[in-house]
Structure formats: C-alpha cells, structure tokens
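Here the structure is laid out as structure tokens; the discussion comes afterwards.
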Amino acid sequence: MLRFKVFENGAPVKSVELDSAYLVGADRVPMRAGLEFVDGEIRCDAKIRGAAALSILWPVEGVGRIMLETTRLLERRRPYILNVELARGRLMQISLKREDWGLYDYPDGRETYEQIDVARDMLIDAMTAPDEATASRRGDAAIAASAKVGEAVSAFHADIFFKRRQAGNQFVKRPLGCRLELSRSSKAYLGALAGAFDFISVPFSWPVLEPQEGKYQPEVHDSWLKVLQRLHMPVRGSSLLSFEPRAVPDWLRAISKNYDQLRDAVAKHIKYVLKRFGGYVRSWEMVNGIHARNVFGLSFEQITELTRMSAILAKQMVPRSPALVGIVLPWGEYYARDARTIPPYLYAEMVVQSGVNFDAFGLEMRFGVADRAGGEGLATRHYVRDLMQISAMLDRFGSLGKPIHITAAGIPSSGETSQTGSWHGPWSEEIQAEWIRSFYAIALSKPFVETVTWQGMADPEGGAEVGGLLRADLTPKPAYEAMASLRQRLHPAVAKDTTLSE
C-alpha cells in the first residue's frame, strides 16, 4: 500500500479532498485503487501491485490549484511526504521535456535554466531536511518554484517554435475555429464569428437531428449551413457519433441491449448525415469520446468496430473530406473509476495500429469546468493542468504520427474553483484572455497541430456556463479581443475588425 503524509504550512492536515485523486501506473495508464485519508495519511490500495504515481489537485502558490503528480513510487514501510514527492514529480517532468526539446544551449534561456537549478536545489534541501515538517515546507517551496519554471520553459519553447513555424509559412490556411451554438442567430453573433475565426465547427447532435426513430428534423442545420456558406465560412462537422448521455436519443436506449441493432442504427444515422450535409462540410469528426463516455457499456471490441465503421463510411461517402477521431479527457482520469472505458492513449494507439482509415485525431483541451452528466451519474470534471502538462500531453499524442486538431479548447471566465481547480488566480475575464494567449502559442508551436477550435462563442442566457468569448448579451470579453489579435498575427492581410455590429 502506498502511503503519503500530507502537510500544510509545516503542520499535518486534518482532511484531504480526494475526489480528484487517482493512481497512474506503467505507460501512464490510470489505475483503479481505493484511496482514503486516515490518521494524517493518504492510503492508496491499488488493485494491481507495482510502482505507481499519485495524481491530485493541489494548491500551488503563484500558479493556481492544478493537478500535480508524483513520480512512480514503490510501496514501502515508511510513508512518503506528499509535498516533497509532488515537487520531485514536477522536476522530473521538466528534466524529461527539456531533454526532449533540446533546451540547453539557447542564450536567451539562461535565466530559465538558472531557475531550474534553483528549483532543483530546493528539492534537494527538502529531501535532506532534518524532520518531516521542515521537509514539507521546503517541498511546498520547491513545488511553487518548479511549477513556475515549468510554465516558463514551456512558454520559451513555444515562442521559439511558433516563430519558426510562422517564418516558414507552416501554418495551415485556416487554423482558428469555434464551436457553433445552434440557438444563436443574431447579426452580432455572426459578426463575432467572422471577426475572429477561420472556420466553424457545427455539432450534429443525434437527438437534435432524429429525436424520434426515423423522423429526421434537419431544418436547423440546413438553415445554419446556408448562412455559413453565404459568409464563406468553412464548416467542420463535429460530434457525429458520441455516447455521452445528452448525445444519445431516448429511442436509441430501447435497442441498446442488442448490439447488432445499435450498430445498424449508428450506420444509418451516419449515412443520413453524410448524405444530407456532406456537400457543405469540409471535414468531419466522425466519433467523439466513445472511449470515455460509454453510456451503453460497450466492450473494447465493439468500440473498435464502431470507430472503424464510422471511418469507412466517411471514406466511402465523403472521400475528399478529412475524417477525425475525437479524443476527450486526454489524461484519462475517468478510467481509474470506470472499467468499461478505455484509456485515451491506448484507444488512440489501437485506432492507429488496427488500420482504421482516418486522417487525424481531434483532441479536447478543456479545463476548470464540470460537464453535467445529463441526469446520469456524476458530472465529468475537467481538472486544471498547467502549461507544462498541456505541452507534454500534446507531444504525447503527436508522437502517434497523425496530425492533431484541438476540437474544443477553453476555460471559464468566472465560477468557483474548488472542484476543478484554477490557473493564476480565481477565474476572471482577464485570466481567460491570458490563458488564450498562452495556450494557443503552445498549441500552434507544435508542427503536428493544424487547427484549434474554441469551445463556444457566447455564454448562454441565464446559464451557469461562462466559457464563451462573448457575454450572454453578446458584448465581447477580453478573451474575444485576444482571439481576434491572434488571428491578425496569423493572417496579417486580414483587416482587424472586431466590431460586433447589430
């Protein structure tokens, strides 16, 4: 059993929130384990023995409340000090990514290199402290120093390679997209889309298109696609096949126990959508997150078959449109709690190695929110990761040899932070804009990342979700200006016009 003592300001804590915590084993696959806080310790009883790391939402001075991870550790009689092990884990990641990125001899990076050395010395001081309380305080200082310099290293690396990519004219023609809210249609909304984005991601939700079996309602999509065509806005079709509760029509649940019937219904739905709308849509996200959101409890083989079938239908019916396979929750924390799911990287490897004919991966990168589960089970929490972790995860999926399209990026501009974390302070409109500048610089510095799509243009009226670039009344947030400025940087010939005319 792995055991961790936990301290706050040098004193043992009396309680620890473990809702976010999980173990990570070999090949970075989350592990199922029983976690509890007893007598000042986090005790981790893994179902499979062997070295494991603990991942947990942790407050970091100057950075926020983010997910941090220890190195993989073996069980021992004496408990580890979590404050020290989290610092060790972060510095290990910095060391590995610095070597991977070759960041040793850049003159402009000298100050950052020195900060890494300082953080490493702070960790050594924590590991050699005379007592546990002192070790924990020094560990906290090392965590803060290493987290800050980790973000600095990531930003430094991104700046170098973003400029190289720009100088070499290596960006795709239309890299910036936004997900469409079908319920919006005002001139101000359309003007905002055209003022900051190169293409629009249109959700083809099954319950919207076929609320009753065999009775299709395509009018909303027909209308929107014609509007976007008049605006000369290219369209990506998204979420064509998703098994999260709100993406599944009620009538489909009645036949879900018969897999053959379910598969036939999926095929019929995909054929209808591609035939009806294929002429308007440039690319398709054929499946979205079926590795993680598995409301039908399908097996690994069934999920694989549906992924392959979706890709085959795309290549048959719209052969000139790139087909994407969508990955959600790329850190895979859901797998530690639900054995019916598939770890995201394992699913991605399987899709590549089994010969599925697709063109790219779509990767969701959303943080600081909790998706409602449609009345079924707990909400899905998108825990906050910092820039170092984001950059490293993009590299991991990029190593599979397929282009990456970030199909939903975003953080909120307000809201509470206790459940999902925070970045650089409580959520605010200013922090949202800062995050956009930092995240997009990192994402677009990667040679394998082709497009980035924001999660939604406007906040809903009277809703709790506040992740849009516009407020509910369609006035722009600072994040909208940040996005429009980024587009201007990528397309200098595009006139800068962020006016939202009525």
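Here are some notes:
- Residue in region 362-399 that is surrounded by the fewest Cβ atoms within 10 Å (Cβ to Cβ), counting only those that are at pLDDT 95 or above and β-branched (Val, Ile, Thr): ILE390
- Considering only residues in region 94-131 that are over 16 Å from MET388 (Cα atoms) and basic (Lys, Arg), the one that is modelled with the highest pLDDT turns out to be ARG120.
- Residue identified as at pLDDT below 95, out of contact with any Asp or Glu (no Cβ under 9 Å at 6 or more places or on another chain) and either of a type outside the set (Asp, Glu) or within 21 Å of ARG137 (Cβ to Cβ) (or both) among ARG76, ARG65: ARG76
- Selection status of GLU219, farther than 17 Å from SER283 by Cα, not assigned by TED's automatic domain parsing to the domain that holds ARG437 and not aliphatic (A, V, I, L, M): yes
- When each of THR70, THR112 is tested for being polar (S, T, N, Q) and in contact with a strand residue (DSSP E or B) (Cβ under 7 Å, 6 or more places away or on another chain), the lone residue that passes is THR70.
Per-residue answers, yes or no, for (1) touching a helix residue (DSSP H, G or I) at 6+ places or on another chain (Cβ under 9 Å); (2) of a type outside the set (D, E, K, R); (3) in a helix (DSSP H, G or I); (4) at pLDDT 95 or above:
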position	(1), (2), (3), (4)
GLN432	yes, yes, yes, yes
ARG437	yes, no, yes, yes
THR453	no, yes, no, yes
TYR480	yes, yes, yes, yes
LEU486	yes, yes, yes, yes
LEU500	yes, yes, no, no
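- Each residue in region 193-242 was checked for being at negative phi and more than 24 Å from the chain's Cα centre (by Cα), and 27 pass.
- The set of residues from region 53-65 being closer than 19 Å to SER95 by Cβ and touching a strand residue (DSSP E or B) at 6+ places or on another chain (Cβ under 8 Å) comprises ALA53, SER55, VAL60.
- Applying the criterion of being within 17 Å of PHE367 (Cβ to Cβ) and at pLDDT 95 or above to the residues of region 460-476, the residue that is farthest from the chain's Cα centre (by Cα) is LEU469.
- Restricting region 400-438 to residues that are closer than 30 Å to VAL356 by Cβ and touching a Lys or Arg at 6+ places or on another chain (Cβ under 9 Å), the residue that is surrounded by the most Cβ atoms within 10 Å (Cβ to Cβ): THR407
- Some residue of region 147-170 being in contact (Cβ under 8 Å) with a residue 40 or more places away in the chain, outside any helix (DSSP H, G or I) and outside the structural domain of SER438 (by TED's automatic domain parsing): yes
- GLU151 being surrounded by fewer than 20 Cβ atoms within 10 Å (Cβ to Cβ) and modelled with pLDDT of 95 or more: no
- Subset of region 465-478 that is of a type outside the set (Val, Ile, Thr), part of a loop (DSSP other than H, G, I, E, B) and free of Cβ contacts under 8 Å to residues at least 60 places away in the same chain - its residue that is farthest from ILE436 (Cα to Cα): ASP473
- Residue within region 76-83 that is in a strand (DSSP E or B), in contact with a helix residue (DSSP H, G or I) (Cβ under 6 Å, 6 or more places away or on another chain) and assigned by TED's automatic domain parsing to the domain that holds SER154 present: yes
The values are calculated or read from the model by the stated rules, or taken from the named source; none is laboratory data. Source: prediction; values computed, not measured. Don't worry about glycine lacking a Cβ; one is built from the backbone with ideal geometry, like all the others, and counts go over all protein chains shown.
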